[in-house]
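The values are calculated or read from the model by the stated rules, or taken from the named source; none is laboratory data. Given the structure is predicted, the values throughout are model-derived calculations rather than measurements. Cβ: placed from backbone, ideal geometry, glycine included. Neighbour counts: every protein chain shown.
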Amino acid sequence: MKVHGSEIDLLASSDSDVSEQQKAIFQYLNNLSDGGYLTPQQVQYMLSTYGLTLQQLMQILVPAATKFASPPISNFKVGAVLHGISGAIYFGANIEFVNEALSFTVHAEQASVAHAISYGEKGVDYLAISAAPCGYCRQFLYEIIKTTSTPDINVLINNSSNTLSSLIPQAFGPQDLGITTRLMLPQNNNLSLNPNPTDPVVIKALQAANISYSPYTSDFSGICIATTNGAYSGSYAENAAYNPSMSPLEAALVLLIMSGDSYANIQRVILVEAANNNCSQLTATNAVLQSIAPGVNLEYHVAN
Ligand SMILES: [Zn+2]
């Protein structure tokens, strides 16, 4: 499995007391090129081959997800495994940016959600985490639930399962601000650039802005990061409580990391953002970019 640009052997780097089942699954993951994402077919294969329930499989995968963590400040690694309603599984891990404010930190649960959104996933039923979700993540996840596709999320921590609703009693959410859409439901913001872009990386950033979730500020925005290996898009994900919102750069970095790529391979970063807003991603994007790819200049496009 490729992690931060290097091949790692999950068997060699795991605890010595892992079960035979876990060893077999780690061996299976070792052979995948994109270890942070499992198709519905791969999930079904593992469930039937190893005779596991989905909850058991997800718990076994958490240490593998944790390998993708990038916490240069805390050195505290957290992994998350999200099961989407399509049947696919998405890894998430925490990401910190050295020399930047802690407010830019991405938590593992947020990373797993951004990863799933990047693949067009429209809902979540299970989320397994290596540590109890903090209040910030409970608030972030609350933006997804109470829809037909995601009525609630089963949160698995070690051997306990709790609904998200039970973990965030008396919640403040979109309904308190009169918003009926939810994070992960399909969005179409009808943005365009003038002139019409022909650069495929700019087109991807525009597409990411068009599916971004910004019901509170209309700061529709998307990023595309081009590396020597591929292009990774990320869409802004807003929150009713504002602070747990996730920037488009963070979302794109999640996809880059979960695809096994490395910051060192970043060549271009494009931000497309809606015009005329009270808030903007521009300065925060530049700040984080300075931390991870100081030689790369942000390309900025305002859309209408
Ligand atoms: Zn958290």
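Being hydrophobic (A, V, I, L, M, F, W, C) and more than 25 Å from V269 (Cβ to Cβ) narrows it down to one of I168, I203, so name that one. Steps first, please.
Details: I203 fails: more than 25 Å from V269 (Cβ to Cβ).
Only one candidate qualifies: I168.
Within region 137-144, identify whether any single residue is in contact with a His (Cβ under 7 Å, 6 or more places away or on another chain), within 16 Å of the ligand (Cβ to nearest atom) and not hydroxyl-bearing (S, T, Y), and answer yes or no.
First, pick out the residues of region 137-144 that are in contact with a His (Cβ under 7 Å, 6 or more places away or on another chain): 137.
Still in the list and also within 16 Å of the ligand (Cβ to nearest atom): 137.
So of that shortlist, the ones also not hydroxyl-bearing (S, T, Y) come out as 137.
Yes, region 137-144 has at least one match.
Examine region 229-243 for a residue that is within 16 Å of the ligand (Cβ to nearest atom), assigned to a loop (DSSP other than H, G, I, E, B) and modelled with pLDDT under 95, and state whether such a residue exists.
Yes, some residue in region 229-243 is within 16 Å of the ligand (Cβ to nearest atom), assigned to a loop (DSSP other than H, G, I, E, B) and modelled with pLDDT under 95.
Within the group P169, P186, which residue is away from the ligand (no atom under 16 Å from the Cβ) and assigned by TED's automatic domain parsing to the domain that holds I60? Before you say what the answer is, go through the steps one by one.
Values: P186 fails: assigned by TED's automatic domain parsing to the domain that holds I60.
So the residue among P169, P186 that is away from the ligand (no atom under 16 Å from the Cβ) and assigned by TED's automatic domain parsing to the domain that holds I60 is P169.
Can you tell me which residue in region 111-132 is surrounded by the most Cβ atoms within 10 Å (Cβ to Cβ), limited to those that are within 13 Å of the ligand (Cβ to nearest atom) and of a type outside the set (A, V, I, L, M)?
Taking the candidates together, the pick is S112.
Out of the residues in region 54-110 that are among the charged types (D, E, K, R) and more than 14 Å from the ligand (Cβ to nearest atom), which is modelled with the lowest pLDDT? Spell out how you get there, then give the answer.
Going through region 54-110, the residues among the charged types (D, E, K, R) turn out to be 67, 77, 96, 100, 109.
This time we only want the ones that are more than 14 Å from the ligand (Cβ to nearest atom), so: 67, 100.
Values: K67: 95, E100: 89.
Among them, the one singled out is E100.
Which of the following residues is at pLDDT below 95, under 20 Å from the mean Cα position of the chain (by Cα) and farther than 30 Å from I144 by Cα: G5, G51? Walk me through it before giving the result.
On the way: G51 fails: under 20 Å from the mean Cα position of the chain (by Cα).
Result: G5 is the single residue among G5, G51 that is at pLDDT below 95, under 20 Å from the mean Cα position of the chain (by Cα) and farther than 30 Å from I144 by Cα.
For region 44-59, does any single residue satisfy the condition of being among the small types (G, A, S) and closer than 30 Å to P294 by Cβ? Even if it seems obvious, please write down each step before you answer.
Residues of region 44-59 among the small types (G, A, S): 48, 51.
Add one more test, that the residue is closer than 30 Å to P294 by Cβ, and what stays is none.
The answer is no, given that none of the residues of region 44-59 is among the small types (G, A, S) and closer than 30 Å to P294 by Cβ.
Within region 1-120, considering only helices (runs of 4 or more DSSP H) that don't extend past its boundaries, which have at least 1 residues that are in contact (Cβ under 8 Å) with a residue 40 or more places away in the chain and closer than 30 Å to L185 by Cα? Full working, then the answer.
Details: elements: 20-30, 40-50, 54-66, 108-118.
So the answer is 40-50, 54-66, 108-118.
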